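Some notes on the structure that comes next.
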Amino acid sequence: QVQLVESGGGLVQPGGSLRLSCVASLSIFSFSAMGWYRQAPGKQRELVASITSGGRTSYGDSAKGRFTISRDVTKNTVFLQMNSLEPEDTAVYYCSGDSAPADWVRRWGQGTQVTVSS
């Protein structure tokens, strides 16, 4: 019964910022990695950012220099700070959690809509 619940999406003007949150139903150390993906209409789901259980981060090309993934282990929460948002960032943003390698599966949250528009 692993649950990932995203929040923080909404409507923001170009150049603005949002912080997304993903709350897990168990310790985030239970995951080998957690991440943020996004899917825009008519496009494939793409990696935005990820963080391993050890704290190593990586970013998709679209996120580099603008977005930051972080975590609060006491709250079982992973964040995505998004700055300098552009209309092209408009998408549904999904939180992911990868289980241990011995029984690997990628779990997904329900998604949160981010719309960047004037």
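If I ask for residues that are farther than 15 Å from residue 98 by Cβ, among the aliphatic types (A, V, I, L, M) and under 9 Å from the mean Cα position of the chain (by Cα), which ones from the range 16-47 would you list?
Scanning the range 16-47 gives a single hit, 20.
Taking into account only those residues within the range 33-53 that are open to solvent by 40 Å² or more (accessible area, probe 1.4 Å) and of a type in the set (Gly, Ala, Ser), which is farthest from residue 116 (Cα to Cα)?
Going through the qualifying residues, I end up with 53.
Answer yes if at least one residue in the range 54-63 is open to solvent by less than 60 Å² (accessible area, probe 1.4 Å), over 17 Å from residue 110 (Cα atoms) and hydrophobic (A, V, I, L, M, F, W, C), and no otherwise.
Yes; the residues of the range 54-63 include at least one that is open to solvent by less than 60 Å² (accessible area, probe 1.4 Å), over 17 Å from residue 110 (Cα atoms) and hydrophobic (A, V, I, L, M, F, W, C).
Yes or no: residue 66 open to solvent by less than 80 Å² (accessible area, probe 1.4 Å), among the basic types (Lys, Arg) and touching a strand residue (DSSP E or B) at 6+ places or on another chain (Cβ under 8 Å)? Reasoning before the result, please.
Numbers: open to solvent by less than 80 Å² (accessible area, probe 1.4 Å): yes; among the basic types (Lys, Arg): yes; touching a strand residue (DSSP E or B) at 6+ places or on another chain (Cβ under 8 Å): yes.
Here the answer is yes, as residue 66 does meet what is asked.
Sort out which residues of the range 9-65 are farther than 28 Å from residue 87 by Cα and in a loop (DSSP other than H, G, I, E, B), and write them in order of number.
25, 26, 27, 31, 32, 53, 54, 55, 56
State the number of residues belonging to the range 69-107 that are aliphatic (A, V, I, L, M), within 28 Å of residue 1 (Cβ to Cβ), in contact (Cβ under 8 Å) with a residue 24 or more places away in the chain and in contact with a strand residue (DSSP E or B) (Cβ under 8 Å, 6 or more places away or on another chain). Please lay out each step first, then the result.
Looking only at the range 69-107, we keep the residues that are aliphatic (A, V, I, L, M), and these are 69, 73, 78, 80, 82, 85, 91-92, 100, 102, 105.
Still in the running and within 28 Å of residue 1 (Cβ to Cβ): 69, 73, 78, 80, 91-92, 100, 102, 105.
Subsequent filtering for residues that are in contact (Cβ under 8 Å) with a residue 24 or more places away in the chain retains 69, 73, 78, 80, 91-92, 100.
In the following step, the residues that additionally are in contact with a strand residue (DSSP E or B) (Cβ under 8 Å, 6 or more places away or on another chain) were identified as 69, 78, 80, 91-92.
Total meeting the criteria: 5.
What about residue 102, is it modelled with pLDDT under 95, buried (at least 16 other Cβ atoms within 10 Å of the Cβ), not acidic (Asp, Glu) and not in a strand (DSSP E or B)? Outline the logic, then answer.
Details: modelled with pLDDT under 95: yes; buried (at least 16 other Cβ atoms within 10 Å of the Cβ): no; not acidic (Asp, Glu): yes; not in a strand (DSSP E or B): yes.
Considered against the rule, which asks whether it is modelled with pLDDT under 95, buried (at least 16 other Cβ atoms within 10 Å of the Cβ), not acidic (Asp, Glu) and not in a strand (DSSP E or B), residue 102 comes out as no.
Checking residue 16 against (1) surrounded by 12 or more Cβ atoms within 10 Å (Cβ to Cβ); (2) free of Cβ contacts under 8 Å to residues at least 40 places away in the same chain, which test does it fail?
The failed condition is (2).
Kindly evaluate residue 92 against the criterion of being within 16 Å of residue 39 (Cβ to Cβ) and either assigned to a strand (DSSP E or B) or of a type in the set (A, V, I, L, M) (or both). Steps first, please.
On the way: within 16 Å of residue 39 (Cβ to Cβ): yes; either assigned to a strand (DSSP E or B) or of a type in the set (A, V, I, L, M) (or both): yes.
Answer is yes for this residue.
For the subset of the range 1-13 comprising residues that are open to solvent by less than 30 Å² (accessible area, probe 1.4 Å) and within 26 Å of residue 103 (Cα to Cα), which member is nearest to the chain's Cα centre (by Cα)?
From the range 1-13, those open to solvent by less than 30 Å² (accessible area, probe 1.4 Å) are 4, 6, 10, 12; that's our starting set.
Remaining after also requiring within 26 Å of residue 103 (Cα to Cα): 4, 6.
Numbers: 4: 11, 6: 8 Å.
Going through the qualifying residues, I end up with 6.
The values are calculated or read from the model by the stated rules, or taken from the named source; none is laboratory data. Worth saying up front: this structure is predicted, and the values here are computed from it rather than measured. No Cβ is skipped: glycine too gets one built from the backbone with ideal geometry, and neighbour counts run over all protein chains shown. Just so you know, the surface numbers come from the protein's heavy atoms only, side chains and all, with ligands and any DNA or RNA stripped out. Shrake-Rupley method; radii C 1.70, N 1.55, O 1.52, S 1.80 Å.
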